[in-house]
């Protein structure tokens, strides 16, 4: 909302600086985003046209002699309306003006001395557009005759405008008077209300027109006046200036007055040419489905059955509170005006405007459910101005059809204690009464508080807290003390899902991975790249996606993590090890989808940063598996990795992760991404390895388990270790050797620490070195005892795996 | 006599000068600490040549003794400085047996890192945790009821314009949406818990909004809610002021001004002073009685306050990130800076 300071000053005085006022308004809820100054241009002054002569070389140009106070200048001018004796805006050389011919508005141009068709022009006579105060460029701006020659133009045309970012609850401040009322409350200075008194000497209004509301649910009140004998024409300069200053284009006096009152009081109005209303009968009704109307913008609109129409007995003559119709428009020949000031149903008005894509200043106000009291005030104010400006005679009385009468809340009870209960501080009675009084609330006080009457301009006030806010915002939030919560904090409740995600995240970071957060939405096609199983739950589709790239909520983290590592591989030469812990969305068709917590990580590129003593190998399966092992260690879960099949991953290079202690439940998968899958991601590396952990499944595994680690007293007896160098078939796995070795309870660990194939090892065989640690909980083992156990293990390895000791 | 005196002077001076030349040449050619030690004993030691020269002064007349003595002592000083220089030079160039190149980089374990949003979310939630607020989370795909209706934003309320909404396309439901804020958890938490309530709710939110440097259709938000008997606006100010001190530093200036959100009354905008401007970082207010009633709380008995803020926005301020789109692009050139 743009509020010109000169306009505001008509209703209230303020002594503080504009900056201070802007600050106080902002603190009170009307945020002043900017203090705009228009019309102040250096080197532009009021000039007097002394003489106008024909340009010797151009028919359409004239030579204008301008007295600018400190001297005279001869200016070449192309405006048709320039004439001797005028007061005009004279721009001297060096003035920075709006470029009237620029494609994009706001571009400026510095005025230079120039020759136009052979004649030197010193300066310029300006148009409205060049001065940046409006759009008109058909001719020069002619100033009032009493403007003093040589005065800086800002003193004549300059306007300062407060640009206020209004909150949706304050339709009263969509009128300058509403803002003035806040200023009045802030400063304590009285508000000067606009005059709404007028003389009505004409015939009884009811003999000239009638109004009938057939759908009272959508029109709570309809007031109207009739003015006969008006003369339509341009508005007086002051009225045009008011509208121009807030960016509205003056049209004619009638339309300008209705606009002016809307911006003054916040009540939208509409003027009909009464002679164009059949039978002078106005009917407020719902449109019949498919009914058509040509609106003021000359577009035919097809209406729905929930749209409210202003009609005469034969046709629609306006879309209620949205836009008038061309058939009843005010024109130059109009002499009798029916002025409408109504209260339409807010939600309905808003829906109609949305459906027809006709946002308007009227809907901006009506949609906030204006109070019915405002319509009559607006009607009287506009009628008075019409009589003053367009002449004519007002019919006696007003039409007032008021089905909503008595349905609105009229007051709020405010108990004294309630103020302290909400704010935490006592506010003196005197302050409460003055503050609310200045805001226009009528109070009836008693021992415990006040009965507060809700003024007609405040539809947002309905409960005591609303009144408390009124007091607090004017007193200033700054003046309310600061305390800390004193009550008992609530009982802590475990949040296992969130805590698990944090633990997994921290473990992966400690394992050297970097966390990402990506978009939750994707497309079906993008997700299809990772070959999800066909029996997966449906995706959550968006009804109104913002772009085609984000049409469905993701069901997997695999696609985004692969996309992210692939994108980074094009710009990042070091190791890339990324993970995400987030929700995927699975729709089982039962209301809200399942939001399942997952974690996924991927590795591409070299394992290590370039380093003098580190391998330059690419990361591989064992990096991804290591990250998983780090998480499992952190969580205290013993899992097995079994050869698995998953269409995202390469066959033979994929493990399914199971927890034997929990019925072998699958908690994730790790592997090398299948070549044909990863090829679709346009990466600069050949392979990627990836893991996915199902945090929801892990949560089930952990459920009921002791959360804290129980210390296991370690034995102080010495442990012995022996290394075995075995030769086995290449198909034998490390896991098999370790499993057999671990069967003996004296063996506390079995670790494969070297693998070798090639020279010295027969074809089809590999050498495996295993370190076994032997420890008895209750005695020191002798070499003989260890040798015996080792013999048993070797025998078993030989029997089950065909393992042989490697010849040294 | 004058002649003989001259002669003697010359002789003695030459000796000091000669000793200097010999000593400097010998010092230059000494290559090890052992040789330097030999040099020191030879020239500077108790029986060294310089001592010998000084001892020889006894045979001179008193005036000459003073002159030559001064010259010899000056030379001692000079030679000591030169000697010390050579010793430290020798020590620095000499490589002890088994030396390593300590300039080579160490074996630094690769450090992972948290996404900057997670870092800020954790920092903020921790600040509130320490004030007794527990962290909880809620669904991202939400019912209209929780996202709007229970928060005093009925259908077609003009305030819904403040929340451009993604709706879910479903054959069976037309009331499912992507939550536009974390505020639905106010309703959910109150619905399933009795007061007192003190929670903070971080999480992803979504708004139907074109993306540019300062707008994203996906972002994180942190909601807060405290409800109990006797909670006041002054408590709201105190709690949020303490938060600002924790996150922005003890001397941070904070401003509370009137603002409007349908689910609070009175409504608050909290701004911080940042490089000479006031920047809004949080919306807040006293929980609207209708919101309390909608959740089944007795609004004549309980009061509360709620607040909401955007961690990405706070990170953009503190870390001087000009474009919000960096957050979910996950470029390592961005992520590795935090």
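Observations, loosely collected:
- Contact order relative to length of chain A, as percent, for alpha carbon pairs under 8 angstrom and 6 or more apart: 8 percent
- Each Cα pair under 8 Å and six or more residues apart adds its sequence gap; the mean of these over the residue count of the range B:2-93 is a relative contact order of 33 percent.
- Prolate/oblate/rounded label for the protein assembly as shown (Cα gyration tensor, a/c 1.5): oblate
- Estimated FRET transfer efficiency when R0 is 30 angstrom, pair residue A:612-residue A:751 (beta carbons, to 0.05): 0.60
- Modelled label positions at residue A:298 and residue A:788, each set 7 Å beyond Cα in the direction of Cβ, lie 11.1 nm from each other.
- Spatial separation of Cα centroids for the range A:139-199 and the range A:229-307, in angstrom: 23 Å
- Residues of the range A:326-340 with amide N under 15 Å of the 7 Å Cα→Cβ point at residue A:138: A:332
- Considering the range A:720-805, its Cα convex hull presents a mean projected area of 5.3 nm².
- One Cα centroid belongs to the range A:611-653, the other to the range A:525-585; the line between them spans 21 Å.
- Cβ-Cβ distance of residue A:93 and residue A:18, R₀ of 35 Å, FRET efficiency by 1/(1 + (r/R0)^6): the value works out to about 0.65.
- Amide N proximity, the range A:238-277 versus residue A:192 label position 7 Å along Cα-to-Cβ, cut-off under 17 Å: A:238-239, A:242, A:264-265
- The range A:144-217 shape via C-alpha gyration tensor axes, a/c threshold 1.5: oblate
- Between residue A:676 and residue A:407, the modelled labels are 6.7 nm apart [label points 7 Å from Cα along Cα→Cβ].
- Per-q log10 I(q)/I(0), the range A:411-475, q = 0.14, 0.20 Å⁻¹ (Debye; single scatterer per alpha-carbon; no solvent): -0.32, -0.70
- Taking Cα atoms only, the orientation of helix B:116-129 departs from the longest principal axis of chain B by about 70 degrees.
- Alpha-carbon centroid distance for the pair the range A:1-42 / the range B:200-237, whole angstrom: 31 Å
- Each peptide in B:253-260, B:183-190, A:388-395 was scored by the mean count of other Cβ atoms within 10 Å over its residues; highest first, the order is B:183-190, B:253-260, A:388-395.
- Taking each DSSP H run with n ≥ 4 as -39500 (n - 2.57) and averaging over every residue of the protein assembly as shown yields -9000 deg cm²/dmol at 222 nm.
- Principal-axis analysis of the Cα atoms of chain A puts helix A:429-438 at an angle of about 60° to the longest axis.
- Length released on extending from residue B:194 to residue B:209, taking residue separation times 0.36 nm less the Cα-Cα span: 1.8 nm
- Gain upon complete extension [residue A:541, residue A:163; 0.36 nm per residue less C-alpha separation]: 132.0 nm
- Cα-derived Rg to Rh of the range B:142-216, Kirkwood definition: 1.00
- Applying 1/(1 + (r/R0)^6) with r as the Cβ-Cβ distance of residue A:199 and residue A:37 and R0 = 41 angstrom yields a FRET efficiency of 0.55.
- Largest first, the three principal axis extents of the alpha carbons in chain B are 127, 43, 35 Å in whole numbers.
- Judged by the mean number of other Cβ atoms found within 10 Å, the most tightly packed of the peptides A:281-292, A:512-523 leads the ranking A:512-523, A:281-292.
- 10 Å Cβ neighbours from other chains, averaged over peptide B:137-146: 4
- Helix A:464-475 and the longest principal axis of the C-alpha atoms of chain A enclose an angle of approximately 80°.
- Label zone of residue B:100 (point 7 Å out along Cα→Cβ, amide N under 15 Å): in the range A:591-614 this covers A:612-614.
- Peptide A:562-572, shielding by other chains (average Cβ, 10 Å cutoff): 2
- With both labels modelled 7 Å from their Cα along Cα-to-Cβ, the residue A:739 to residue A:778 distance reads 3.1 nm.
- Prolate/oblate/rounded label for the range A:496-702 (Cα gyration tensor, a/c 1.5): oblate
No lab work stands behind these numbers, since they all come straight from the coordinates. Every value quoted in this text rests on a predicted model; they were computed, and no experiment measured them. Please note: Cβ atoms are built from the backbone with ideal geometry, for glycine as well, and neighbour counts cover all protein chains shown.
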